[in-house]
Amino acid sequence: MSAPVYAALSPQMLAGRLGMLAVMVDRVGAPHTWTVREVGDGNLNLVFVVTGTKGQAVVKQALPYVRLVGESWPLPLRRTFFEYNALIRQQARDPGSVPVIWHFDEGQAMIVMEYLSPHVILRHALIEGRQFAGLGVRLGQFCARTLFRGSDLSMTAANRKADLALFAGNVELCDITENLVFSDPYFAAPLNRHTAGLDGIVARLRSDLSLKVAAQDLKMGFTCRAETMLHGDLHTGSVMVTDSEAIVIDPEFATYGPMGFDIGMLIANFLMAHLSQPGHEATAGDRAGQQDWLLDVTRTLWQTFVTEFSLLWRSERRGILYQASLYEDQSHGLAAEQALTGVLGRIWQDMLGFCGVEMHRRILGLAHNADFERIPDEARRAACEARALAMGRHLMLGAGSIHDIASVTAMARRMNKEDHL
Ligand code: SR1
Ligand code: MG
């Protein structure tokens with residue numbers, strides 16, 4: 001019997017389509033007991049929560065178009081294939097860091113996975129002013145483990161090349177990143193929008209020729225330097241948290257790219273969370289503690305990344321690059337340390353640049369973030385966004401003279417005191 005043709009699911013269809021799956025009956029319960037809610041609030045997909053007598057499940061299904069825009073922007077269903085393949089690799093490279101997959105149906109572009117409870121989307125929690133112990137450590141470890149173990153530093157040549165070929169097929173999702181992140185913010189692209197009040201700074205940024213060159217240099221890094229398997233869209237909306245856990249979701253943009261990309265995007269989102277806090281104040285200064293904590297997470301995230309990456313470098317460097325046979329086995333361990341310092345230095349430089357473009361595209365492009373969007377007062381929102389735009393520019397153009405994470409957090413603090421409108 002041939003597999004049913006793809007059909008976008010609705011809550012009413014779920015029991016009929018998934019009720020025969022043993023894993024659903026075993027873990028959720030008999031289909032007639034299910035209640036289903038569609039909870040997707042992302043830009044691309046349908047997400048259902050199924051509740052039965054035994055438990056709950058998440059069913060994520062791709063739509064054949066960009067949900068945020070509509071059917072006028074078709075998008076291939078096979079992005080779910082890349083998401084599935086990224087999730088199983090992330091689970092292997094950093095066990096417990098991603099949701100457990102229960103079932104994958106390529107034809108229906110559907111992944112059934114564990115329902116994370118009482119986890120919440122990190123971005124929403126940060127806007128509410130919530131804090132989570134250990135967050136920077138956990139996310140720093142995730143970045144180091146997935147970036148190191150997905151690269152030529154760790155993988156066998158055959159596996160690495162097979163994965164490079166596999167993820168090279170994620171063309172349309174990469175195309176979104178290539179245009180929405182690296183190009184559209186720097187000219188008046190049709191789908192762009194920005195807060196009223198930013199016109200002046202937007203015009204200045206779009207006529208900043210060095211900035212345009214820097215953005216395209218970064219884009220060239222993204223398209224040409226296939227250093228490791230990236231999550232590809234690692235922001236605070238791609239992390240679900242409790243007081244003791246951080247689980248990374250949604251790697252449908254997975255591709256091979258530069259090591260600094262994921263961590264740069266993630267740090268950008270913590271910096272934007274920091275810079276948006278004044279817009280969420282009920283009384284003057286009541287978000288100061290949250291702002292401090294967000295910079296603390298930023299610092300810890302980067303420092304943990306460096307520590308964990310260094311540990312993996314010293315203990316798991318079994319790939320085709322910087323082989324121990326050249327260094328440690330020749331009693332030249334010092335040279336391996338020198339090489340590590342060089343690699344981390346290049347990741348740092350890339351990280352700063354990618355951080356800057358992410359700050360720009362979330363304010364100037366199509367896909368904005370709730371940290372700023374939920375500031376109801378437009379003038380306050382514009383003031384916060386202008387600081388982020390200015391900081392993004394400093395990071396992109398000044399990367400060569402920014403030497404440590406303390407300088408980045410100090411820059412963020414300074415920005416809060418400045419008016420960039
Ligand atoms: C058209 S998709 C826009 C954005 O949403 C996704 O979450 C990615 O961040 C993408 O850039
Ligand atoms: Mg997403």
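No lab work stands behind these numbers, since they all come straight from the coordinates. Just so we're clear, the structure is a prediction, and the values are computed from it rather than from any experiment. Neighbour counts are summed over all protein chains in view; Cβ atoms, including those assigned to glycine, are modelled from backbone coordinates with ideal geometry.
Report, by residue number, each residue of segment 99-115 that is hydrophobic (A, V, I, L, M, F, W, C) and either out of contact with any Pro (no Cβ under 8 Å at 6 or more places or on another chain) or in a loop (DSSP other than H, G, I, E, B) (or both).
Matches in segment 99-115: V100, I101, W102, F104, A109, M110, I111, V112.
Which pairs turn up if I take residues in segment 26-46 that are under 16 Å from Q12 (Cβ atoms) and without any contact (Cβ under 8 Å) to a residue 40 or more places away in the chain and look for partners that are within 16 Å of ligand 2 (Cβ to nearest atom) and among the small types (G, A, S) with beta carbon separation below 7 Å, at least 6 apart in sequence or on another chain?
Final answer for the pair search is L46/G40.
Regarding E308, is this residue more than 16 Å from ligand 2 (Cβ to nearest atom) and either of a type in the set (G, A, S) or in a helix (DSSP H, G or I) (or both)? Before the answer, list the steps.
Details: more than 16 Å from ligand 2 (Cβ to nearest atom): yes; either of a type in the set (G, A, S) or in a helix (DSSP H, G or I) (or both): yes.
Taking the combined requirement at face value, the residue satisfies it.
Just a yes or no: is a residue in segment 12-35 within 16 Å of ligand 2 (Cβ to nearest atom) and among the charged types (D, E, K, R)? Talk me through it step by step, then tell me what you get.
Filtering segment 12-35 down to residues within 16 Å of ligand 2 (Cβ to nearest atom) leaves none.
No, segment 12-35 has no match at all.
Can you pull out the residues in segment 247-271 that are within 16 Å of ligand 2 (Cβ to nearest atom) and hydrophobic (A, V, I, L, M, F, W, C)?
I247, V248, I249, F253, A254, F261, M265, L266, A268
Sort out which residues of segment 116-141 are of a type outside the set (A, V, I, L, M) and either in a helix (DSSP H, G or I) or farther than 22 Å from L295 by Cα (or both), and write them in order of number.
Within segment 116-141, S117, P118, H119, R123, H124, E128, G136, R138, G140, Q141 meet the criteria.
If I filter segment 142-181 down to residues being acidic (D, E) and assigned to a helix (DSSP H, G or I), which single residue comes out as surrounded by the most Cβ atoms within 10 Å (Cβ to Cβ)?
Here the residue is D163.
In the set V25, V50, which member is in contact with a helix residue (DSSP H, G or I) (Cβ under 9 Å, 6 or more places away or on another chain), more than 16 Å from ligand 1 (Cβ to nearest atom) and part of a strand (DSSP E or B)? First the steps, then the outcome.
Working: V25 fails: part of a strand (DSSP E or B).
One residue alone meets the criteria, V50.
Could you list, in sequence order, all residues of segment 185-200 that are part of a helix (DSSP H, G or I), in contact (Cβ under 8 Å) with a residue 40 or more places away in the chain and surrounded by fewer than 21 Cβ atoms within 10 Å (Cβ to Cβ)?
G200
Within segment 342-392, track down each residue that is surrounded by fewer than 22 Cβ atoms within 10 Å (Cβ to Cβ), assigned to a helix (DSSP H, G or I), in contact with a Lys or Arg (Cβ under 9 Å, 6 or more places away or on another chain) and of a type in the set (A, V, I, L, M).
A370
If you scan segment 169-190, which residues turn out to be under 17 Å from V69 (Cα atoms) and within 16 Å of ligand 2 (Cβ to nearest atom)?
If the condition is that a residue be under 17 Å from V69 (Cα atoms) and within 16 Å of ligand 2 (Cβ to nearest atom), then E172, L173, D175, I176, T177, L180, V181 are the ones that fit.
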